[in-house]
Amino acid sequence: MQLLETIRVAEGELENLFYHQQRVYKSRKDLFGVTDRWDLEELISVPDTLDAKTIYRCRVLYGAEGIEQVEFIPYTIRAIQSFQLMEASDLNYAYKFADRTALESLTKAASADEILIVRNGLLTDTSYANIALSDGQEWYTPHQPLLEGTRRAALLASGQLIPERLSVDDLRYFKEIRWFNAMIPWELAPSLPVSAIR
């Protein structure tokens with residue numbers, strides 16, 4: 001079983017490491033029964049050759065024994081203009097597995113740019129990002145996401161997001177949807193009117 005951690009690198013620095021460390025520790029403990037703590041800053045060496053003006057995705061592949069692969073890939077935020085609600089109540093992605101076959105199958109079946117996954121009538125995530133919905137005053141995020149993202153954890157801790165039980169029917173109470181993940185900081189996160197969800 002392989003797990004994946006995706007870390008944003010800006011100006012040669014690994015971002016949001018505290019929350020990445022937390023997730024790696026929890027995943028390794030839950031899935032492999034190991035409790036040693038990795039220091040990702042020590043284990044991941046950012047090459048001096050990276051362009052300081054480019055944002056990179058540090059892709060860390062790991063398993064029970066240790067880190068298996070580290071890659072640095074230039075990153076740009078993907079453009080999305082529409083979302084399709086996709087029911088997938090049996091989908092389990094509570095850990096960031098390297099195998100994304102089930103998610104990719106759902107995405108391929110969609111007619112919109114991106115999917116918004118629904119489980120048991122409740123909104124969760126897109127295929128690659130957590131979401132937040134605004135009523136014009138506050139930003140709310142599903143209290144049971146498909147994957148508890150590291151950026152989401154930081155935003156919850158800072159009080160910028162409010163966790164809430166959000167059903168498909170609740171969409172009518174909101175004006176805007178925003179999506180974000182480890183690679184998309186909140187201040188750069190794109191958003192669309194809720195009418196872009198179908």
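Can you give me the accessible area per residue for the stretch 1-58, using a 1.4 Å probe, in Å²?
On a per-residue basis, the stretch 1-58 sits at 60 Å².
Along its principal axes, what span do the Cα atoms of the chain show, with the longest given first and each in whole Å?
Computed over the chain, the largest-to-smallest principal extents equal 47, 38, 34 Å.
For the chain, what % of the accessible area comes from carbon and sulfur atoms, probe 1.4 Å? It would help to have the intermediate numbers written out before the result.
Working: 4710 of 10280 Å².
For the chain, the apolar C and S fraction of the accessible surface comes to 46 percent.
Excluding ligands and nucleic acids, what accessible area in Å² is computed for Tyr140 using a 1.4 Å probe, to the nearest 10?
40
Could you tell me what percent of the DSSP beta bridges with both partners in the stretch 45-198 are antiparallel, to the nearest 5?
Roughly 70 percent of the DSSP beta bridges within the stretch 45-198 come out antiparallel.
Once the stretch 57-152 is represented by equal point scatterers at the alpha-carbon sites, with solvent omitted, what log10 I(q)/I(0) does the Debye formula produce at q = 0.10, 0.11, 0.16 Å⁻¹?
Log10 of I(q)/I(0), two decimals: -0.32, -0.39, -0.80.
So how much accessible area does Glu41 have, in Å² to the nearest 10, using a 1.4 Å probe?
The accessible area of Glu41 comes to roughly 120 Å².
Not counting ligands, DNA or RNA, and with a 1.4 Å probe, what is Phe18's accessible surface area in Å² rounded to the nearest 10?
Surface open to solvent at Phe18 totals about 130 Å².
What per residue convex hull volume, in Å³, comes out for the stretch 36-103 when only alpha-carbon positions are used? Please report the intermediate quantities before stating the final value.
Details: hull volume 9.6 nm³, N = 68.
Dividing the Cα hull volume of the stretch 36-103 by its residues yields 141 Å³.
The values are calculated or read from the model by the stated rules, or taken from the named source; none is laboratory data. This structure is a prediction, so every number in the text was calculated from the model and none was measured. Side chains included, ligands, DNA and RNA excluded: accessible areas come from the protein's heavy atoms. Shrake-Rupley method; radii C 1.70, N 1.55, O 1.52, S 1.80 Å.
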